[in-house]
Amino acid sequence: MTLMSSEIKEQPKVLRGMIKTELDTIKKIAKAVKDNDIKFILTAARGTSNHGCVYGNYMFKIMNGMPTGIAELSVLTHYDAKVNFKGTMVIAVSQSGGSTDVCEFLQKAKAGGALAVAFTNIADSRLAGIADYTVCFGAGEEKSVAATKTYCGTLAAFYMLSMVMAGKDDNFIAESLECAAKAIEGIFDREEEIKALSARFRYLKAGMIIARGINYCNALELSLKLTETCYIKMRGFSSAEFLHGPIASLAKADACFVFAPTGKTVGQVSEGIDKLNDKGIETIVFSDDDSILAKAKVPIKMPSVCECIAPMVYIPYGQLLANYLSVSIGNNPDTPEGLTKVCETI
């Protein structure tokens, strides 16, 4: 068993732990948003953490009506711009809490008047020391370079904060995350299926992953996991952007993975599958909708869950697929070439 696969399987524990330990802090942040008359939320992160921020941005806009954006870190870290952050909450996300540019950005944003929040896995990290409030994933040490359980923690933190800001009570939040945890455990019962499926893609060299809306974060994240552990040239796209050009570059030897859970955007994603089929592209579709799965070359039946928690439930299947594909082609997913756990970008 790889470290990556064992850490993937800790995600239900992460969700249940955060329900118990982080809800009080989340409530304090929501109160601070109201007390400080916050009008805008800005997220700051890199890599997998940034994909979690994509999810958070959708949630804050859809559930809370709050304008949000994803920070260009170099604006402060390289250009030293003087930005007025009054009325803004900046949520900086770093698994290690030690990413240099993320820490520097939060520090300068706080000096510029921002309400500073950290989402991290390390409670006594540099990032936590800068923040006004810190939400800790409590996932335990993540030894595999490829982040998995901390991505789950990031999604959970954004979900909890958005739900508290939307006025949802403790029971609703706890029941939702427990639903996600149980659904993920059901994915783990299908491990042999995932191992067998990975063999199908041993010779895959390139492809794309598409999703839309709340689930777009997983198109980006699975693309990264397959790229860094299997060295496959993958790109993640919104299904809408995908149809505006990238689809033209796909060849029949490529594959396209599609996240299509039931929800507001599934109809448009379905249209994208039709166009892929017209080109003869192999489509691997994750969905709970049988009519969508019927269009796939490789249908992957997923649990039916609320669209807001679908990203937490769907990504473990993709993470395990990347893990077993990496192993089957002779790689070590725990130590991808040229990568380290903490990337010291500035």
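The values are calculated or read from the model by the stated rules, or taken from the named source; none is laboratory data. Predicted model only: the values in this text are computed from it and were never measured. Cβ placement follows ideal geometry from the backbone for every residue including glycine, while neighbour counts extend to all protein chains displayed.
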Taking the range 89-132 as the region of interest, how many residues are touching a Leu at 6+ places or on another chain (Cβ under 8 Å) and among the aromatic types (Phe, Trp, Tyr)?
-> 1
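Have a look at Leu76, Leu15, Leu23, Leu106 and point out the one that is aliphatic (A, V, I, L, M) and in contact with a Lys or Arg (Cβ under 6 Å, 6 or more places away or on another chain). So that I can check it myself, show each step before the final result.
Values: Leu15 fails: in contact with a Lys or Arg (Cβ under 6 Å, 6 or more places away or on another chain); Leu23 fails: in contact with a Lys or Arg (Cβ under 6 Å, 6 or more places away or on another chain); Leu106 fails: in contact with a Lys or Arg (Cβ under 6 Å, 6 or more places away or on another chain).
When all the criteria are applied, what remains is Leu76.
Given Glu175, Glu141, which one is free of Cβ contacts under 8 Å to residues at least 24 places away in the same chain, closer than 22 Å to Pro261 by Cβ, out of contact with any Phe, Trp or Tyr (no Cβ under 9 Å at 6 or more places or on another chain) and not in a strand (DSSP E or B)? Show your work before the answer.
Values: Glu141 fails: closer than 22 Å to Pro261 by Cβ.
None of the other options fit; the residue is Glu175.
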Checked against (1) among the hydroxyl-bearing types (Ser, Thr, Tyr); (2) in contact with a Lys or Arg (Cβ under 6 Å, 6 or more places away or on another chain); (3) in contact (Cβ under 8 Å) with a residue 60 or more places away in the chain, Tyr314 satisfies every condition except (2)
The range 18-37, subset buried (at least 19 other Cβ atoms within 10 Å of the Cβ) and over 12 Å from Ala157 (Cβ atoms), residue nearest to the chain's Cα centre (by Cα) = Ala30
Evaluate the range 206-225: report whether one residue or more is surrounded by fewer than 20 Cβ atoms within 10 Å (Cβ to Cβ), more than 28 Å from Met59 (Cα to Cα) and either out of contact with any Asp or Glu (no Cβ under 8 Å at 6 or more places or on another chain) or not hydrophobic (A, V, I, L, M, F, W, C) (or both).
-> no
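Give the number of residues within the range 56-76 that are in a helix (DSSP H, G or I) and out of contact with any Phe, Trp or Tyr (no Cβ under 6 Å at 6 or more places or on another chain).
Start the filter on the range 56-76 by keeping residues that are in a helix (DSSP H, G or I), which leaves 56-64, 74-76.
Remaining after also requiring out of contact with any Phe, Trp or Tyr (no Cβ under 6 Å at 6 or more places or on another chain): 57-58, 60-64, 74-75.
Summing the residues that are in a helix (DSSP H, G or I) and out of contact with any Phe, Trp or Tyr (no Cβ under 6 Å at 6 or more places or on another chain) in the range 56-76 gives 9.
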Could we say that Ser287 is farther than 29 Å from Ser5 by Cβ and of a type in the set (Gly, Ala, Ser) here?
-> no
Looking at the range 197-211, is at least one residue assigned by TED's automatic domain parsing to the domain that holds Gly267 and of a type in the set (Val, Ile, Thr)?
-> yes
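Ile122: within 25 Å of the chain's Cα centre (by Cα) and part of a strand (DSSP E or B), yes or no? Don't jump to the end; show me each part of the working.
Details: within 25 Å of the chain's Cα centre (by Cα): yes; part of a strand (DSSP E or B): no.
No, not satisfied.
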For the range 96-114, does any single residue satisfy the condition of being part of a strand (DSSP E or B), in contact with a helix residue (DSSP H, G or I) (Cβ under 9 Å, 6 or more places away or on another chain) and β-branched (Val, Ile, Thr)?
-> no
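Look at Ala174 and say whether it is modelled with pLDDT under 95, of a type in the set (Gly, Ala, Ser) and in the same structural domain as Asp124 (by TED's automatic domain parsing). Write out each step before concluding.
Working: modelled with pLDDT under 95: no; of a type in the set (Gly, Ala, Ser): yes; in the same structural domain as Asp124 (by TED's automatic domain parsing): yes.
When the stated conditions are applied, Ala174 does not pass them.
Results for (1) crowded, with 18+ Cβ neighbours inside 10 Å; (2) part of a loop (DSSP other than H, G, I, E, B); (3) hydroxyl-bearing (Ser, Thr, Tyr), shown as yes or no for each residue.
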| site | (1), (2), (3) |
| --- | --- |
| Ile247 | yes, no, no |
| Ala251 | no, yes, no |
| Ser270 | yes, no, yes |
| Asp274 | no, no, no |
| Phe286 | yes, no, no |
| Ala296 | yes, yes, no |
Which one of the conditions (1) hydrophobic (A, V, I, L, M, F, W, C); (2) assigned to a helix (DSSP H, G or I); (3) over 24 Å from Val298 (Cβ atoms) does Leu224 fail to meet, given that it meets all the rest?
-> (3)
Identify all residues within the range 178-224 that are without any contact (Cβ under 8 Å) to a residue 60 or more places away in the chain, among the hydroxyl-bearing types (Ser, Thr, Tyr) and farther than 14 Å from Ile315 by Cβ; write none if there are none.
-> Tyr203
Check off (1) farther than 30 Å from Glu337 by Cβ; (2) at pLDDT 95 or above for Ala240 and give me the number that stays unchecked.
-> (2)
Answer yes or no: is there a residue in the range 200-208 that is under 17 Å from the mean Cα position of the chain (by Cα), over 17 Å from Ala92 (Cα atoms) and part of a strand (DSSP E or B).
-> yes
